[in-house]
1. In whole Hz, what ³J(HN,Hα) sequence does segment 60-65 give by Karplus (6.51, -1.76, 1.60; θ = phi - 60°), x for Gly and Pro?
2. Rank by packing, highest mean first: peptides 426-432, 390-396, with packing defined as the count of other Cβ atoms within 10 Å averaged across residues.
3. Starting from the amide H of Val329, placed 1.01 Å from N in the peptide plane, find each other amide H under 5 Å away whose residue is 5 or more places distant or on another chain.
4. Please list 3J(HN,Hα) in residue order for segment 123-136, calculated via the Karplus relation 6.51 cos²θ - 1.76 cosθ + 1.60 where θ = phi - 60°; whole Hz, with x for glycine and proline.
5. How far is it, in nm, from the label point at Asp89 to the one at Val115 when both lie 7 Å from their Cα along the line to the Cβ?
6. For Phe221, what residues show an amide H to amide H distance below 5 Å, using hydrogens built from the backbone and excluding near sequence neighbours?
7. Which residues' amide hydrogens lie under 5 Å from the amide hydrogen of Arg100, considering only partners 5 or more residues apart or on another chain, with H built in the peptide plane?
8. Once phi is turned into θ = phi - 60°, what whole-Hz ³J(HN,Hα) does the Karplus curve with 6.51, -1.76 and 1.60 give for every residue of segment 107-116, x standing for Gly and Pro?
Amino acid sequence: MTDNGYQARRRDFLRRLLFASTATAVGLWWPAAVLASGQAAVRGLRTSVDDQMTRLVFDLSGPVEHTVFTLGNPDRVVVDLRGARAVSDLRVASSGGPLRGVRHAPRNDHDLRVVLDLSHPVTPRTFLLRPADGAGHRLVVDLQRAGAADPAPVRPRQELTRSRDVIVAIDAGHGGKDPGAIGPAGTFEKDVVLAIARRLDALVRREPGMVPVMIRTGDYFLPLRERINRARQHHADVFVSIHADAAPNARAQGSSVYMLSDRGASSEAARWLAQRENEADRRLGAVPINDKDDVLASVLLDLTQNGTLEASKTLADAMIGELHRVGKVRSPRVERAGFAVLRSPDVPSVLVEAAFISNPAEERKLRTPAFQQSMAEALLNGLRAYFDGHAPPGTLLAERRRGRHVIQRGETLSGIASRYQVPVSQLRAHNNLSSDTIRVGQVLEIPMRDS
């Protein structure tokens, strides 16, 4: 390939990589391996319901390309599978979720259309799983109640208005058939980290200027690639992945914070841990996230030279500074390793190991609501410290740091006072206002809480 051809191919890949998150989650053809000759057989359909999510798993004879879109009046999700046919009845029994029925029929003499009849609107998400643990190829369709997992509207960056909230992606590690590490008393890592994540979600939800996005809301498996995709689809400003550590030495204790490194792990323990976390994804059939060709490797090298890794380091340092208040910190420095879940090129990302579940004492601690709450509060304080100096431009926190607010259409003085948690009378007096009348474009100075 000529240098010009390589550069053109590289520029095209970079453009698609950076702007993939601006596309809607529905109506896109997903990349897949080359289809085998003939049609792929859809051999069966399984369903499960967990919390606010219903999962459908299509068992396939091979990989398929597919599209998914929604229809209303009545509510439906349509899944088109290219080059596929049903070889068994795909009907399912009522599961108590939004799914009321499944219909399917051939389409275009070569494809298969599956229609999911619903009782209410949902947000569909899909991903493919490769053969693993005795299971063949699978297409997973997740149906989440519309709005339940989308507190931050999914919209292009350029459409975001001034004074928006920062978006915090909270990722509870493992889930479903991947329990993570298992403690001596049988505690599953997936359960305790989800409990911590839920507590952090509640805290961030109450924090002015922040909005949480829970990547995993219940006990189900998500590939690492899908976790990154969900964070980027919501335009997350930071990504915090919560885990519980494990080690062959049962006396190992303390919390740690990790960030991505493509140039080797910072310690043997970091290398071992990253291999263990990444192995679960491969074992369960997820499409690998490190299958980089030369072009992708070159692009990632360029991307890691921007501010993302530097911002991740700053976020990780802020987290470590707060974890000291909860208990022992295993390493006072930020550890680095090749965690696949941290490979988002444009979202500052850290992985927090709350404690060692392999240590009997720390396993017991991880199960207590008191420790889970203390850990969540420490992570919130870390986020506060990070955004205090690194809030993205155009966010409420950035405006607050500068002590000013530019009035947007539809805003009221009382609403602005409530958002910044200051009395209306104080806001009015600080800006020498004789009434509550304000105008679009007017700049208000925001008094500090102790002023």
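1. 10, 7, x, x, 9, 8
2. So the order, starting with the most tightly packed, is 390-396, 426-432.
3. Ser255
4. Whole-Hz 3J(HN,Hα) from phi for segment 123-136: 9, x, 9, 9, 7, 9, 10, 8, x, 6, 6, x, 9, x.
5. Roughly 1.9 nm, to one decimal.
6. Residues meeting the criterion, in which the H sits 1.01 Å from N, are Gly176, Lys177.
7. For Arg100, whose amide H was placed from the backbone, the distant partners under 5 Å are Asp117, Leu118, Ser119.
8. Here the 3J(HN,Hα) series is 9, 6, 6, 9, 9, 10, 10, 10, 10, 9 Hz.
No lab work stands behind these numbers, since they all come straight from the coordinates. Everything numeric in this text was worked out from a predicted model, so none of it was measured. Don't worry about glycine lacking a Cβ; one is built from the backbone with ideal geometry, like all the others, and counts go over all protein chains shown.
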